[in-house]
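Step one of this worksheet: look at the structure below.
The values are calculated or read from the model by the stated rules, or taken from the named source; none is laboratory data. Since we're looking at a predicted model, the values are computed, not measured. Methodologically, a virtual Cβ is constructed for each residue, glycine included, from the backbone with ideal geometry; neighbour enumeration extends over all protein chains shown. Side chains are part of the model used for accessible areas, which takes the heavy atoms of the whole protein and leaves out ligands, DNA and RNA. Shrake-Rupley method; radii C 1.70, N 1.55, O 1.52, S 1.80 Å.
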Amino acid sequence: MRVIAAILLVALCLTAPAQAESAAAPPTGCGFGNLGTLPLKGITTAGTALDAGHPRGPRIYSVTSAASREALLGIRDARDGRLIGERPLPLALGSWAVTVAPDHSVYVGSYNGTAGAMGRLFRYDPFTDRVSELGIAIPGESFVWTVATSPDGSAVYGGTSPTGKLFRYDTATGTYADLGTPVPGDQLVRDLAVGGDGTVYAGVGARSMKVAVLAPGGGTVRQVIDPPIEGTGYAYDVHVSGRYLLVRYATSTGTNPMGVYDLRTRRWKDVVPDVDNLTVGGGRHGHDLHLFQDDELVRYDLRSGKVTRLGFTGYGKGAARPLGWLGPVLVGTSSTGHIWHFDRRTGQGRLIESTLTPLHVTIRSMGAGPDGRLYAGGFFTGGLAAYDPATGEAEFWPEVGQSEGMVTHKGRLYLGVYPGARIYEWTGSAPELLLDLGAQEQDRPFAMISAGDWLAVGTVPRAGTHGGALGLLDPATGRSVIKRDIVPGHSVIGLAYRDGIVYGATSAFGGTSTPAGEAAAFAYDIATDSVLWRTTPVAGDLALGSITFDGAGRLWGLSPDTLFELDPATGRTVRSVRHESYPWAGATQVWLDTHLVFHQGSLWGKVQGKAYRIDPATMAFARIVRPVSTMALGPDGHLYLSRYENFFTYRICA
């Protein structure tokens, strides 16, 4: 498995039992109706740590991510997985950042993009069983990616995004110090390690993949270590192990090499290919490191560089995380909440099923299926749900990856899955992989349409890269045509089709915070393999969004701030109207924020958290509901909307 720089680290399994769920009778009449929730649930535990020396027995601390409610800090016995307790983390949606201090306190860095919530720090005291919320680490930073404590426990360091800052929290005074951006131009401090002498090592991305070495206290950058590999991405996992600095990189091409840096000689000693696990130092035992390659546990000798395969693959789904040792037993977790053990004496391992509480996940995408049902994909645990508008019944397949887009084409449902921009055909019980764009540095297939014989896909590239793609796939023959950089440096986030021509809308943001000019629209002739025109419909907009045709053959687009009509023959903007303002000057990454469909003589749009009915003649907006996150036209001719895990309908009447 390739573990890449992504919020989702959940594998797509091909054999997943469906779960049926009864629901109340669907609403009748006109207008808005609340449908409750879909059965999209899961356990995602990106942030996890082991306290092997806890006086009441070894404990594993894991944060289960949530959709809109508080994330939960789960406390389990590391020996048998017994659930000791789960404690809410107020104003946190989830965490990648959990560490145990010398006094057995647990510090958690969280994420939440909601204004006023942002990235916060928490402390859990295992002796009082109390969670303390320690406030926003750095105002304006929405994500605390990593936390690490100083050897004496006097300070907690954290790394953030979207501006790649480092902070220090003084555990005695409860005060924060903003230590700035250790490598200017990088968006994330992705991981931290603190050496025995207090030296701070900060791995950054998504551009340079460098490691900044800071003096004890974190105030001064003493050295910046360039990666031993080419490309862009992240210094994703950082660990100090004796005289060695271990750095696992997540690159834009999907590879995950681990560099071994000798801190005495200040030289790279080795590069280990294809290291899939998180927490690269958690499996250290003497000179041996225990790592995962191709989903199998291996032993890597730091002295000789020799790799020995150990035959253990049963760590559970998602990404493996070796945490540490209980005597001869290596203890680890998976990102789906399981605990695993590996006994180095016997060479045997075992899997302990998760005892954590599954939580509802955010609805990420929705689309009408070929069977009269509405389908929805989850974020970021994934899963696929189907809702029957006629009966109100729902069905759930938990082991399907995060669907960024979905569309029905020639009687089949197709899913665009993140990471790696993988395109699947849904068979009714399992997904079948048809196309993988990961090797072309693509990640998020938001835009999907049926285009004659072709399935057309628009993608956002991997973090740290520019240049999305327009992909064409003929499922009947397997033939594909991939047009990367059809608008140089842009992501393709909106698609429409008419008479052999695919029309596209872009975001000037790829996988970085730097936009490549203004957002564009284009027309691509499938038969001649040529771009007919490329224009800039809305001056100053860095992202457009969803596009669609109306019943009269007019091409419409909805950006975060403007509704516009284009001439399909030339791309000329026929007319436009500014529907509300948008803070482009401060935007660091805008992909797909809009949805637009034509139905029963009206345009129906979702933008900036609100849904509208739009008159094509006057371009007047009439708001129908807020707040909403996603919208789709159902197979029954009514709208379906979501907000986090909440599921709604808007029944359209003449």
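Annotations
- Summing charges over neighbours of Gly411, with a neighbour being any other residue whose Cβ is under 12 Å away from its Cβ, gives 0 when K and R count +1 and D and E count -1.
- Solvent-accessible area of the stretch 302-350 (1.4 angstrom probe, protein heavy atoms only): carbon and sulfur portion equals 47 percent.
- For the peptides 239-250, 480-491, residues were scored by their other Cβ atoms within 10 Å and the scores averaged per peptide; the highest-first order is 239-250, 480-491.
- Note on Trp584 and Thr535: the model spin-label points, each 7 Å out from Cα along the C-beta direction, lie 1.7 nm apart.
- Nonlocal amide H pairs with Gln442, under 5 Å, H built at 1.01 Å: Arg462
- Across all directions, the shadow cast by the convex hull of the chain built on its C-alpha atoms averages 27.6 square nanometres.
- In terms of its Cα atoms, the stretch 324-391 spans 57, 19, 18 Å along the principal axes, sorted from long to short.
- If you bin all the Cα-Cα distances of the stretch 332-464 at 10 Å, starting from zero, the percentages per bin are 12, 36, 28, 17, 6, 1.
- Excluding same-chain neighbours fewer than eight residues apart, the lysines reachable from Lys165 by a Cα-Cα span under 30 Å are Lys210, Lys269.
- Other-chain or far-sequence residues with amide H under 5 Å of Trp533's (modelled H): Ala523
- For the stretch 429-440, putting each phi into the Karplus relation 6.51 cos²θ - 1.76 cosθ + 1.60 with θ = phi - 60° gives couplings of 9, 7, x, 10, 6, 10, 8, 10, 9, x, 5, 9 Hz, in residue order, rounded to whole numbers and with x for Gly and Pro.
- Relative contact order computed over the chain (Cα-Cα under 8 Å; 6+ residues apart), in percent: 11
- When only alpha carbons of the stretch 400-463 are considered, Rg and Dmax amount to 10.8, 34 Å.
- The gain in end-to-end length when the Arg222 to His285 segment is fully stretched comes to 19.7 nm, 0.36 nm per residue minus the alpha carbon separation.
- Ranked by the mean number of other Cβ atoms within 10 Å of their residues, highest first, the peptides 522-533, 203-214, 97-108, 255-266 come out as 203-214, 97-108, 255-266, 522-533.
- Each residue of the stretch 243-257 is assigned a 3J(HN,Hα), and the resulting list reads 8, 10, 9, 9, 10, 9, 9, 10, 9, 5, 8, x, 7, 9, x Hz, derived from the Karplus form 6.51 cos²θ - 1.76 cosθ + 1.60 (θ = phi - 60°), x at Gly and Pro.
- Average accessible surface for the chain: 35 Å² per residue, computed with a 1.4 Å probe over protein heavy atoms with every protein chain in place.
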